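The values are calculated or read from the model by the stated rules, or taken from the named source; none is laboratory data. Quick caveat: nothing in here was measured; it's all calculated off a predicted structure. A quick note on method: Cβ atoms are made from the backbone with ideal geometry, for glycine too, and the neighbour counts reach across all protein chains shown. All accessible areas refer to the heavy atoms of the entire protein, side chains included, with ligands and DNA or RNA removed. Shrake-Rupley method; radii C 1.70, N 1.55, O 1.52, S 1.80 Å.
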Amino acid sequence: MRYRIDVYTDEAAEQRRLEEDVRRGLTAWQKSLPPKYFYDRAGSLLFERITELPEYYPTRTESALLQEIVPGLTETFLPDDIVEMGAGSSEKTQRVLDAVGAVRRPVRYVPVDVDRVTLEASAARLLQKYPALSVHAVVGDFERELAHVPPPRGRRLVMFLGSTIGNLDEPARRRLLTGLRDLLPGPDGRLLLGVDLVKDVKILRAAYDDAAGVTRDFNRNILNVINRAVDGDFQPEAFRHHAFYNEAAARIEMHLVADSAQAVRLGRLGLTIRFRPGEDIWTESSYKFTRPGVETMLADASLRLVRWHVDPANYFALTLAAPA
Ligand code: AVJ
């Protein structure tokens with residue numbers, strides 16, 4: 001059997017969680033929404049457009065780095081089992097599958113993602129392209145469903161790319177990395193982690209406030225998601241996109257600022273949310289890392305850094321880690 005898919009998403013439970021998140025986030029003193037709600041169909045398409053923007057360096061920098069390091073990586077560590085968190089369309093995965101010889105060597109790929117449709121489509125594509133590959137897809141939130149990842153079959157590589165880890169604050173990061181560590185029993189497993197690095201503020205700012213306004217549209221789209229989910233009447237255009245680098249916290253913050261007073265009705269929650277002029281919703285943090293910071297973060301999850309690969313400009317790092 002070359003293909004299996006396990007689904008751990010439950011629409012009723014997701015809806016309840018979203019309602020909780022929205023109620024808590026929008027009734028707090030500092031209003032906020034969790035960035036995972038950016039990614040409905042429209043939001044995922046907008047994110048894809050972001051990855052192609054001239055200002056948004058992370059995706060192309062990581063892709064080039066991956067291309068460059070994967071041959072050397074598989075020379076010293078040839079995995080039989082590849083787990084990928086937030087796999088999405090598995091575009092970068094193909095670089096790794098090529099390098100591990102999944103065309104002729106039996107390799108299992110375990111993608112974990114909330115988006116079932118995307119997972120199914122990419123699994124079909126990969127199974128066709130790699131005759132020796134098997135796919136065990138897990139549909140679920142990687143912050144919650146790690147326990148459902150099957151035990152390793154041979155040498156396991158866990159991949160967590162795209163600096164998605166940058167969305168998490170310190171406690172959530174530690175929780176997740178500890179969970180990933182637990183997917184690697186024995187000394188033989190490896191974690192490949194993509195992290196965006198601290199750099200010139202102008203470059204960071206431009207990446208999250210592009211000239212074409214795609215990131216603005218992406219940010220505002222979260223209000224469409226909320227409108228649909230809880231019968232709300234947010235006017236996305238009444239909110240200004242504000243992205244800045246918080247140097248003390250080493251993170252980009254994205255906010256949506258109400259430039260005029262707004263009263264927003266959330267029908268399903270029986271709530272009216274009021275905004276004073278200038279009041280904002282904090283929609284995303286995107287943490288930026290340094291090598292010492294990554295080493296500490298790995299150590300806190302009983303992992304140790306084995307290899308640190310950066311591009312020539314020092315924009316982005318691919319980190320290889322092993323159980324400590
Ligand atoms: C998908 C979380 C890595 O933080 O750069 C891109 C999301 N937000 N532009 C990032 C994002 C605005 C992205 N991550």
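At a glance:
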| quantity | calculated |
| --- | --- |
| Filter result (over 15 Å from the mean Cα position of the chain (by Cα), over 22 Å from E75 (Cβ atoms) and exposed (fewer than 14 other Cβ atoms within 10 Å of the Cβ)) within the range 149-169 | P151 |
| Whichever residue in the range 284-316 is closer than 20 Å to L204 by Cβ and assigned to a strand (DSSP E or B) and, among such residues, is farthest from the chain's Cα centre (by Cα) | V310 |
| Selection from the range 150-171 of residues that are of a type in the set (D, E, K, R) and under 16 Å from F289 (Cβ atoms) | D169, E170 |
| Residues located in the range 85-112, provided they are among the acidic types (D, E) and either crowded, with 23+ Cβ neighbours inside 10 Å or in a loop (DSSP other than H, G, I, E, B) (or both) | E91 |
| Hits in the range 114-148 - residues which are under 16 Å from the mean Cα position of the chain (by Cα) and crowded, with 17+ Cβ neighbours inside 10 Å | V114, D115, T118, L119, V138, V139, G140, F142, E145, L146 |
| All positions within the range 205-218 that are in a helix (DSSP H, G or I), open to solvent by less than 40 Å² (accessible area, probe 1.4 Å) and more than 10 Å from the ligand (Cβ to nearest atom) | A206 |
| Residue in the range 156-179 that is in a loop (DSSP other than H, G, I, E, B), over 27 Å from W308 (Cβ atoms) and modelled with pLDDT of 95 or more present | no |
